[in-house]
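First the structure, in the form of structure tokens, and then the observations on it.
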Amino acid sequence: MNSSSTRKWFAFTTQEIILMAMLAAVNAVITIYISPINKMLSSVGGPIATSTTTGVYMIYGLLAYYIIRKPGTAVVTFAIGGTIQALSGPVYGIAACFVAAACYMVIAEGIFALYRHKRWNAGVMMLVGGAMVPLWFLFAANMFGYTAWAPSVLVIALIVRILSGVVLCGLLTKVLGDALVKTGLLRRFAVGTKA
């Protein structure tokens, strides 16, 4: 890797790092409040109903990427998020925090690299939101015993989670990001000059 490409990765300003940390912290708080909702959904509709909230857990990393638009944004943001969640005593265990974060960052970085960090429309954001789901689902199925579910439930749960990622992560990221741009709060970030 030459020096010019090295500079592109992880060359973040203080403001960008603060933004990534803030979004990761907000996600940790949201995760705490969404747990009771998931318990209710589970009692009503089992694993398929609970799968509807999947996109909410990933949005902070994708929103950071949409705003900052630099390689490595997903790595840093999801790493911070995973660490905060691990320190907050997660219901699903510390390992799950880091494995999920790793799955999300690998997929997000890979897809944005394919587009050379130049495509930020709703279609791309929805693609990334949905694509971040299957890899983590594969790990989660083995970590949490999803493999004991009936095959039809497993397939439907995966489809619902992907759709949740598309809508509640990908599309919502685009909507929130554009709404924040209109407020003028993001004028010092890439999205404020390129949206």
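The values are calculated or read from the model by the stated rules, or taken from the named source; none is laboratory data. All of these numbers come straight from a predicted model, not from anything done at the bench. As a convention, Cβ positions derive from the backbone with ideal geometry for all residues, glycine included, and neighbour counts pool all protein chains shown. Ligands, DNA and RNA are stripped out before the accessible areas are found, and what is left, the full protein with its side chains, is counted by its heavy atoms. Shrake-Rupley method; radii C 1.70, N 1.55, O 1.52, S 1.80 Å.
Here is how the numbers come out for the structure above:
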quantity: For the stretch 62-166: span of alpha carbons on each principal axis (Å, largest first); calculated: 42, 33, 17
quantity: The stretch 104-190, accessible surface, carbon-and-sulfur percent (1.4 angstrom probe); calculated: 71 percent
quantity: Accessible-area composition of the stretch 23-102, carbon plus sulfur, in percent [1.4 Å probe]; calculated: 78 percent
quantity: Accessible surface, per residue, of the chain when the full set of protein chains is kept, probe 1.4 Å, Å²; calculated: 51 Å²
quantity: Ellipsoid equivalent to the stretch 131-184 - semi-axes via the Cα gyration tensor, in Å; calculated: 32, 11, 6
quantity: Relative pair counts by distance (%), Cα atoms of the chain, 5 Å bins; calculated: 1, 8, 15, 21, 21, 15, 9, 5, 3, 1, 0
quantity: Label-point gap, in nm, between T183 and Y92 - each point 7 angstrom along Cα→Cβ; calculated: 2.8 nm
